[in-house]
């Protein structure tokens with residue numbers, strides 16, 4: 001009973017958040033689709049693809065995965081790391097929603113690594129929290145708590161109060177499943193204190209609900225052991241926090257959350273054997289869910305009303321309050337409510353099957369479109385590669401020619417330098433030879449002048465010979 005109740009209250013919390021996030025979803029999807037038609041292949045398109053995928057995450061996670069895959073590929077193409085890490089993190093979330101935990105962890109760890117490379121503390125905290133949540137869902141609560149504690153440590157390092165709240169709540173939920181209710185309450189109280197400190201109403205409500213749920217689980221555990229005194233004590237403490245939650249959310253227009261809290265209050269009163277009080281809150285939840293058309297919540301209402309009608313020892317009205325039932329009629333009405341609960345459950349499953357078929361058709365069409373686009377992209381990339389290869393060849397030959405010309409020019413320059421040097425040597429040698437030749441000629445002339453000066457002239461000799469003959 002304890003585990004079943006735990007799952008019910010946590011499921012109701014999730015469902016409540018789910019429908020809050022779905023408000024205005026169709027309008028956002030249409031708007032983003034129009035923008036994508038006009039987008040170029042740039043960062044804006046990546047942002048729109050990621051946003052559109054996020055809008056599809058609950059209704060069609062497969063389509064969301066395809067959109068984020070396209071965002072990731074485009075981010076890689078334009079070398080935009082931020083867009084890539086967002087896409088990968090979201091793909092982790094979509095697989096998480098599909099309960100494909102191995103794939104979810106794979107994407108979360110990839111996103112964590114990229115955030116660490118970018119030193120993006122906020123992203124690191126988000127992915128550590130996501131990893132912790134996955135481990136919690138596969139019942140590895142030790143690892144789940146370990147990663148949530150790491151997220152809390154980083155959040156405290158950068159003094160980010162909001163991220164601290166999220167980590168504390170995740171750690172508290174992990175301790176619910178262990179189960180360690182005392183530690184769970186401690187972490188929720190810490191989160192509550194910070195939420196009130198910074199005026200974060202949404203997380204304050206979450207903390208109130210979580211604390212109420214834990215006290216209810218503690219009471220259920222005591223009830224199972226036959227400890228009625230502590231069971232009633234914890235049920236009352238749980239009720240106190242549920243009433244605080246109800247006070248904060250009434251009048252805000254979130255009727256699903258109001259119904260969920262009233263169902264929790266009614267369930268606690270049933271366990272405390274206060275059947276009139278239980279009926280009052282469960283019937284209000286029933287009427288509210290009927291008015292807003294919340295079929296999934298009506299299924300839970302019928303289930304809880306069935307329990308009240310089966311156990312009550314005081315006469316109660318029917319679910320609409322129009323007729324006071326006898327004890328025997330209440331037992332029959334308990335069976336009727338139980339059957340209605342089963343019937344709605346089966347209807348919801350049938351609707352889900354239909355939705356799955358529609359999602360598969362949409363996924364097929366989207367994959368077909370994506371495949372054609374990818375084929376075109378591959379063709380363009382192949383042409384681009386061929387052109388790039390051609391350019392590389394041309395550039396290669398050009399570079400080779402320039403190198404050859406440079407080498408030849410260097411050879412010619414070197415040869416000219418050698419020739420010039422040799423010419424200078426020859427000219428210098430010629431100057432030396434001319435100088436030596438001049439010196440020799442000058443010597444010869446000088447010798448000739450001396451010789452001429454020493455030798456008697458022919459006229460003088462001839463005159464002397466004639467004198468002798470006389």
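Cβ separations smaller than 6 Å between residues 6+ apart or across chains give the following pairs from the stretch 35-55 residues that are touching a residue at least 40 places away in the same chain (Cβ under 8 Å) to residues that are surrounded by fewer than 20 Cβ atoms within 10 Å (Cβ to Cβ) and assigned to a loop (DSSP other than H, G, I, E, B): 43/80.
All told, residue 398 falls short of being more than 30 Å from residue 69 (Cβ to Cβ), modelled with pLDDT of 75 or more, out of contact with any helix residue (DSSP H, G or I) (no Cβ under 8 Å at 6 or more places or on another chain) and not in a helix (DSSP H, G or I).
For residue 122, the stated conditions hold: it is surrounded by fewer than 16 Cβ atoms within 10 Å (Cβ to Cβ), at pLDDT below 95, more than 30 Å from residue 250 (Cβ to Cβ) and out of contact with any strand residue (DSSP E or B) (no Cβ under 6 Å at 6 or more places or on another chain). Of all residues in the stretch 70-92, those being out of contact with any helix residue (DSSP H, G or I) (no Cβ under 7 Å at 6 or more places or on another chain) and either without any contact (Cβ under 8 Å) to a residue 24 or more places away in the chain or surrounded by 21 or more Cβ atoms within 10 Å (Cβ to Cβ) (or both) number 2.
Can you find, within the stretch 1-56, the residue that is surrounded by the most Cβ atoms within 10 Å (Cβ to Cβ) among those that are modelled with pLDDT of 75 or more and not in a helix (DSSP H, G or I)? Residue satisfying both the conditions and the ranking: 56. Just one of the listed residues (159, 95) is surrounded by fewer than 24 Cβ atoms within 10 Å (Cβ to Cβ), without any contact (Cβ under 8 Å) to a residue 24 or more places away in the chain and either under 19 Å from residue 206 (Cβ atoms) or more than 12 Å from the chain's Cα centre (by Cα) (or both), namely 159. The criterion of at least 1 residues that are within 30 Å of residue 292 (Cβ to Cβ) and more than 32 Å from the chain's Cα centre (by Cα) is met, among helices (runs of 4 or more DSSP H) falling completely within the stretch 166-280, by 201-225, 228-249, 255-271. Out of contact with any strand residue (DSSP E or B) (no Cβ under 9 Å at 6 or more places or on another chain), surrounded by fewer than 15 Cβ atoms within 10 Å (Cβ to Cβ) and more than 18 Å from residue 147 (Cβ to Cβ): is that true of residue 182 in this structure? Yes: the conditions hold for residue 182. Only a single criterion out of (1) within 15 Å of the chain's Cα centre (by Cα); (2) within 30 Å of residue 60 (Cβ to Cβ) is not satisfied by residue 137, namely (1). Among what's in the stretch 217-242 and is touching a residue at least 40 places away in the same chain (Cβ under 8 Å) and closer than 17 Å to residue 273 by Cβ, pick the residue that is surrounded by the fewest Cβ atoms within 10 Å (Cβ to Cβ). Checked the stretch 217-242; the qualifying residue surrounded by the fewest Cβ atoms within 10 Å (Cβ to Cβ) is 224.
Just so you know, in the stretch 319-333 the residues that are part of a loop (DSSP other than H, G, I, E, B) and in contact with a strand residue (DSSP E or B) (Cβ under 8 Å, 6 or more places away or on another chain) include one that is surrounded by the most Cβ atoms within 10 Å (Cβ to Cβ), and it is 325.
The values are calculated or read from the model by the stated rules, or taken from the named source; none is laboratory data. Being a predicted model, the structure only gives us computed values, none of them experimental. Because the Cβ atoms are built from the backbone with ideal geometry, glycine has one as well, and the counts that use them run over all protein chains shown.
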